[in-house]
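S.K.: One structure is given below, represented as structure tokens, and several questions about it will come after.
The values are calculated or read from the model by the stated rules, or taken from the named source; none is laboratory data. Quick caveat: nothing in here was measured; it's all calculated off a predicted structure. Positions of Cβ are backbone-derived with ideal geometry, glycine not excepted, and every protein chain shown enters the neighbour counts. Note: areas computed on protein heavy atoms with side chains; ligands, DNA, RNA excluded. Shrake-Rupley method; radii C 1.70, N 1.55, O 1.52, S 1.80 Å.
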Amino acid sequence: MATKPRQYKEGSFFEIFRYKDLLVQLVKRDIKLKYRRSFLGYVWSILNPLLIMIIMAIVFSFLFKREIALFPIYLLAGRSVFELANTAVSKALGAITDNTSLLKKTYVSKFMFPLSKITSTTVDFIFSMGALIIVMLVFSIIEGRLLFSFWNFGIIIVVVEAYIFSMGLGFLMAQLHVFFRDIRYVYNAFSTMLMYCSAIFYDVGMFYDKAKDQINAGVTPFALYLAHFVEYCNPVYIYIKQFRYFIWVPTLETVPQWAVVTPVDFLLGFGYAILMLAIGVFFFKRSQDKFILYI
Amino acid sequence: MENTEKEKAPQYIVDVDNVTVRFNKANQKVDNLKEYFVRLIRRQLMFQEFIALKDVNLKIKKGEAWAIIGTNGSGKSTLLKVISRILKPYKGSVKVDGSIASLIELGAGIDPKLTARENIYLNGCILGYTKQFIDEKFDDIVEFSELEDFLDSPVQNFSSGMKSRLGFSVATMVEPDVLIVDEVLSVGDVLFRKKCMKRMKEMLEKGATLLFVSHNMTTVKEMCDKAIWLNNGEVVMSGDINKVCDEYNSTIEEKKAKEKKEKQKK
Ligand SMILES: Nc1ncnc2c1ncn2[C@@H]1O[C@H](COP(=O)(O)OP(=O)(O)OP(=O)(O)O)[C@@H](O)[C@H]1O
Ligand SMILES: [Mg+2]
């Protein structure tokens, strides 16, 4: 029968290609239900990040003495990327346990459920770029120059990296959640910590300045270690940095050293993404046959 | 046993070989980290196993119609789930040589918030069909389900019978090599049940293989030519439908009679 080709090994990750039409249906469902239910629909999904950005911009411009040029764009860019990864993973986390009844009654590649959540969040993210466009438009008017450029399209690369990374982390968390329902709290604590390590409302240059002072004073330059940790060990910051490089950096007259993206950043970004995916798929695959005994 | 020479050829379409299925019957499932660590320290982390199927063998040839009978909790649904790949056997192996449509529960993938039309696509894709294929079959599905007037209303407004119509129509849109039916037709009305039976018979005539669970002996005898009888996860008897059913019925009668006697004693 031509309708059910068996090219992919049952339970393997690549089985997702057999179910690609299911992915489309599941993502469509998520998007439809999200916008069907709320009265404001799309307007709200743009308004929400805008309002948060405005509040954060006001608060942090009082808190930090440092001047970051076009701070609202800087802030919104960073927060959007963080929220993409965070929302995607936290939705994927419950994807298996939310489909208990389905998994008990039919055979379907279990990878599809976290995958569809990650995908619908990514699609949502692309929709919510409207907020960024509005902010850039407003600042174009204030500054009296066009802040958009061809570079902006580079964010597609970042979205791909973040998508792959979230997929890996999502698979890992989704399978853990089947066996340990309180893993969600652990994840929430972890993601809050990660947020503070992602230079969303401050900049890494701050650490480097502090490090200079520490070196001059002859003490151990802890600030330098911290900067390196954020810059090389936190994949989410790597994606934020790249995203800003394509959105925020092109609007600047003088580009600070710490905002410049090199090929190393892309190598690291894709490296972390693929490593995370490999880890996620490995553990998910190993435990997926046991899901049914625990859901 | 009977035909050792033929054994080598892939003559069985469904081959359940010494299958054992194990569940965790722990009264308190450890499903959070806190409890996990507490029990790990106290060394109470045990798996209370429950054997739902024990060394079950079932060899089915192409075109046969098998009934699975047994009392509640004897493992019938579990056997169907192992064959449909929903459950992995703990021991033994299951081989199915062809496509399967399993109706363990109708409308397993139905989302009540979506409309009937959207659900047909979603459900079809869950069963592994492509969008294009569902497009082609769409009219047939709608016609069979008799839900033309409700296509664009959300399924949460449907009655349970209407939902199972939808589920049955989607699940049988294609003629599978193996059709697996658990007690799913009990919710539909008489007319629809007859229609489903007719569809199943048509499939059988075209060479499909059937696995059927029902507590209704008349229906079972009408549909099937072979039967397997399960009790507490073990095969009691398998073979010709009439023999197995008669034996099963007489055992049940005996049991009833015994119970009556015991009651009278009291
Ligand atoms: N997920 C599960 N976890 C633990 N035990 C289970 C699980 N699923 C089934 N069982 C047990 O396995 C046994 C067989 O169940 P099964 O559903 O196969 O019975 P059945 O023959 O289909 O019964 P019925 O006629 O009521 O449908 C039952 O004792 C049941 O309690
Ligand atoms: Mg059952």
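S.K.: Beyond 27 Å between alpha-carbons counts as too far, so tell me which of B:137/B:163; B:195/B:226; A:285/B:59; B:131/B:206; B:34/B:81 fall in that bin.
M.R.: A:285/B:59; B:34/B:81
S.K.: When the Karplus curve 6.51 cos²θ - 1.76 cosθ + 1.60 is applied with θ = phi - 60°, which whole-Hz ³J(HN,Hα) does each residue of the stretch A:135-151 get, with x for Gly and Pro?
M.R.: Couplings: 4, 5, 5, 4, 6, 4, 5, 4, 6, x, 8, 6, 8, 8, 8, 4, 4 Hz.
S.K.: Which residues of the stretch A:177-215 bury at least 50 Å² of accessible area once all protein chains are present, versus their chain alone (1.4 Å probe)?
M.R.: A:180, A:182
S.K.: Now, a different point. In 5 Å bins starting at zero, report the fraction of Cα pairs in the stretch B:132-176 per bin as a rounded %.
M.R.: 5, 24, 32, 25, 11, 4, 0
S.K.: Enter the accessible area per residue of the protein assembly as shown (Å², integer; probe 1.4 Å; all protein chains in place).
M.R.: Accessible surface, normalised per residue, equals 51 Å².
S.K.: Determine the total buried accessible area between chain A and chain B, counting protein heavy atoms only with a 1.4 Å probe; round to the nearest 100 Å².
M.R.: The buried area between A and B, both sides summed, comes to about 3600 Å².
S.K.: Right, here's the next one. Which is the longest stretch in chain B that no exposed loop site breaks, taking sites as GluC sites (Glu not before Pro) with a DSSP loop state and at most 10 other Cβ atoms within 10 Å?
M.R.: That gives B:6-266 as the longest site-free run.
S.K.: How large is the accessible surface of residue A:156 in square angstrom, using a 1.4 angstrom probe and rounding to the nearest 10?
M.R.: Per-residue accessible area (residue A:156): approximately 110 Å².
S.K.: Between beta-carbons, use under 11 Å as the cut-off and find the net charge around residue A:92, counting Lys and Arg +1, Asp and Glu -1.
M.R.: Summing Lys and Arg as +1 and Asp and Glu as -1 gives +1.
S.K.: What full-extension length gain, to one decimal in nm, is calculated for residue A:24 and residue A:219 as 0.36 nm per residue of separation minus the Cα-Cα distance?
M.R.: Stretched fully, the residue A:24-residue A:219 segment lengthens by 64.6 nm.
S.K.: Assuming 0.692 mPa s and 37 °C, estimate D for the stretch A:107-248 with Stokes-Einstein, Rh taken as the Kirkwood radius over Cα pairs, in µm²/s.
M.R.: Stokes-Einstein gives a translational diffusion coefficient of 182 µm²/s.
S.K.: Straight-line reach from residue A:212: which lysines fall under 29 Å, measuring Cα to Cα and dropping same-chain residues less than 8 apart?
M.R.: Counting by Cα, and skipping residues close in sequence, residue A:212 has these lysines nearby: A:65, A:241.
S.K.: To continue, here is another question. Give me a single rounded figure for A:18-27: the average over its residues of other chain Cβ atoms within 10 Å of their Cβ.
M.R.: The per-residue average across the peptide is 5.
S.K.: For the Cα atoms of chain A, what angle does the longest principal axis make with the long axis of helix A:20-37, in degrees from 0 to 90, nearest 10?
M.R.: In chain A, helix A:20-37 runs at an angle near 60 degrees to the longest axis.
S.K.: Another question about this same structure. Let me check something: with ligands and nucleic acids excluded, how do A:265, A:30 order by accessible area (1.4 Å probe), largest to smallest?
M.R.: Accessible-area ranking of A:265, A:30, largest first: A:30, A:265.
S.K.: I would also like to ask the following. How many nm is it between the label spots at residue B:240 and residue A:186, if each spot is 7 Å from the Cα in line with the beta carbon?
M.R.: Here the answer is 6.0 nm between the modelled labels.
S.K.: Next question, about the same structure. Just to confirm the filter: which trypsin sites (Lys or Arg not before Pro) across the stretch A:124-192 are DSSP coil and have at most 11 other Cβ within 10 angstrom of their Cβ?
M.R.: Those satisfying the criteria are A:145.
S.K.: Sticking with this one: Can you give the relative contact order of the stretch A:17-294 as a percent, counting alpha carbon pairs under 8 Å and 6+ residues apart?
M.R.: For the stretch A:17-294, the relative contact order is 26 percent.
S.K.: Another question, then. Whenever you get a sec, compute what percent of the accessible area on the stretch B:79-211 sits on carbon and sulfur atoms (1.4 Å probe).
M.R.: For the stretch B:79-211, the apolar C and S fraction of the accessible surface comes to 48 percent.
S.K.: Rounded to the nearest 0.05, what FRET efficiency is calculated for residue A:266 and residue A:229 with R0 set to 25 Å and r the Cβ-Cβ distance?
M.R.: 0.80
S.K.: Also, quick follow-up: Just report the Cα centroid separation between the stretch A:115-172 and the stretch A:183-248, whole Å.
M.R.: Taking the Cα centre of each part, the stretch A:115-172 and the stretch A:183-248 sit 21 Å apart.
S.K.: At 1.4 Å probe size, with the rest of the protein present, what percent of the exposed accessible area of the stretch A:191-295 is carbon and sulfur atoms?
M.R.: 69
S.K.: What is the pair-distance distribution P(r) of chain B, computed from all Cα-Cα distances in 5 Å bins starting at 0, with each bin given as a whole percent?
M.R.: Reading the bins upward from 0: 1, 5, 11, 14, 15, 14, 13, 10, 8, 5, 3, 1, 0, 0.
S.K.: Residue by residue through A:100-111, how many Cβ atoms from other chains fall within 10 Å of the Cβ on average?
M.R.: 6
S.K.: What does the charge count around residue B:265 come to, taking other residues whose C-beta lies under 12 Å from its C-beta (Lys +1, Arg +1, Asp -1, Glu -1)?
M.R.: Residues close to residue B:265 contribute a combined charge of +3.
S.K.: Let me ask something else about it. The stretch B:167-219: which trypsin sites (Lys or Arg not before Pro) are DSSP loop and have at most 12 other beta-carbon atoms within 10 angstrom?
M.R.: Loop-located and lightly packed - B:206.
S.K.: Relative to the isolated chain, which residues of the stretch A:262-295 have their accessible area cut by 30 Å² or more in the presence of all protein chains (1.4 Å probe, heavy atoms, no ligands or nucleic acids)?
M.R.: SASA drop of 30 Å² or more in the stretch A:262-295: A:289, A:292, A:293, A:294.
S.K.: Shifting gears a bit: What number do you get for the protein assembly as shown when its Cα radius of gyration is normalised by 2.2 N^0.38 Å, N = residues?
M.R.: In units of the 2.2 N^0.38 Å rule of thumb, it is 1.21.
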